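Enquirer: Quick one: the structure is below, questions incoming.
Only the coordinates and a few stated rules stand behind these numbers; no lab work does. Predicted, not measured: the structure shown is a model, and the values here were computed from it. Reconstructed Cβ throughout: ideal geometry from the backbone, glycine too, with neighbour counts over all protein chains shown.
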Amino acid sequence: MILHKIGAACFSLVLLASCSKVTDTPTDTQNTTVPQTTSAAETSDATTASSAVSSAASTESGIQTDTPTNTEIDPDLFSNASDGADVTVSDGNIYEQKTINGQNYSLTIDLTKWEHNTNTEQIKILSQLFWQCYPRMYERFHDLSNPPTDVILAIENESYEVAEAYDNHIHLHDMWLRGNTEDFDCITHELAHIIQADWNDEYLEYSSYIERFADLCRYEYAMNDGFYNDANWTLQTIYEEDDRSESVRFLVWLDHVYSDANTDIIRNYFNVCRNMMFTSDQWDKAWEQIFAGTQLSGKTIDEVWDMFADSDFAYCSSYGNYGGTSELLGKYPVREKLKSLNR
Ligand SMILES: [Zn+2]
C-alpha cells in the first residue's frame, strides 16, 4: 500500500490487480473559518472515515444535517439539477443523463447503502457539481486517457475511507458531508481521479503528482466558481508547499500564466503523466516536453520553479468568503481565463 497525501486529506493508494483505487482520507477536519491546509506532507497515519467524522464539527448553517431523516428521494428534487438532464429514480437510485456538446454522459447516484446522513439537498448539490465539472474536465483531457462517460457516485455508510475512486466509480462515505457540510468539492477531486484513468506512478517524477493533479482540478473546476471550496479549502502558499512534488499552486500558476489559446501546458503535463513517456528518473526530459511550445521552452524545471518563487502568485492568499474573491483570484482570474479558453 502506498500512502499519499492529497488536498485537505491524505490518501492511500491501493493497488488492485487490474486498476488502482485512489482512497482519500482526511487527517484533519475541514474548518470553515480558517483556510484549510491543502497539501500536508505525505503521511502514513491515515485515519478512517469514522474516526475523522466523529471529530468533525457540524458548524454550517443553511444545510440541516443534525438529524438524519428518512426522506425518500423525490425525482422532482433532482429534475432541475442540470438543465435538460433526464432524471429517473428506480430502486432508490437516481439516474441522470444528458448530452453536452454531442457527448452523452450519465450519472448514477447509488443509494443502496445510504443511511440518510447525507441529506437530499446535499445529494442534489453533488448532482449539480457533476454536471458543472465533469464534462469540462472530460472535454479537456479525454483524448489523452479515454475516461468513462458513465459515472457512479455511491453514498455509502460503510466503515471505509471518506472518498475513493476507481474506474468509473466514486465512493463517498455517508457521514462525511454530515460532519463537513460544505466539502462538496472533495467530489471534484474524485472526478479528476476518474479523468486520470489510472496514472502509473513508475512514470511520474513523484507519485504525489496523482494527488496534485486532482487538487489542481479541485481548484480550477470548483463548483460555482469556488463558492463552497474557497471558504473551506485553499491553495497553500510557497511557504507551506516549497517544492514541486507538493505544490498544487505551482501547477495552477503554470496553467494560468503559460497556457493560452494555442497551448495548454496542463494537457502537456497530463499527457506525459498518463501515457508513460518517461520513467521517474527521466523527468528532465519530461519537463522539456511539457514546456515545449510555450514561453518556458528551453528552461529547466529548476529555473521555472525559481520564476514561480519570484512571483507574487506564489504568496497571495487564495482564501475567499462565500461568493467573495480571494486576493489571488483578484489579481489572477484563474477560473475566468479557463472558461474564456473553453477549458
Ligand atoms: Zn485523491
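Enquirer: By count of other Cβ within 10 Å, fewest leading, how are Asp198, Asp242, Asp302 ordered?
Expert: Ascending Cβ contact count within 10 Å gives the list Asp302, Asp242, Asp198.
Enquirer: In nm, give the distance between the simple-model label positions of Tyr239 and Asn104, each being 7 Å from the Cα along the Cα-to-Cβ direction.
Expert: Result: 5.3 nm between the two label points.
Enquirer: Using Cβ contacts closer than 10 Å as the measure, can you line up Met276, Met307 from fewest to most?
Expert: Working: Met276 12, Met307 16.
Ordered from fewest to most neighbouring Cβ atoms within 10 Å, Met276, Met307 come out as Met276, Met307.
Enquirer: In nm, what is the difference between 0.36 nm times the number of residues separating Asp260 and Lys285 and their Cα-Cα distance?
Expert: The span from Asp260 to Lys285 would gain 6.8 nm if fully extended.
Enquirer: Ranked highest first by average number of other Cβ atoms within 10 Å, how do 293-299, 107-113 line up?
Expert: Packing proxy ranking, top to bottom: 107-113, 293-299.
Enquirer: Which whole-Hz ³J(HN,Hα) couplings does the stretch 325-330 yield from phi under the Karplus relation 6.51 cos²θ - 1.76 cosθ + 1.60, θ = phi - 60°, glycine and proline marked x?
Expert: Calculated HN-Hα couplings, in order: 10, 6, 4, 5, 6, x Hz.
Enquirer: Select from the stretch 125-204 those GluC sites (Glu not before Pro) which occupy a DSSP coil region and have at most 15 other Cβ atoms within 10 Å, ordered by residue number.
Expert: Passing both the DSSP loop test and the Cβ count: Glu158.
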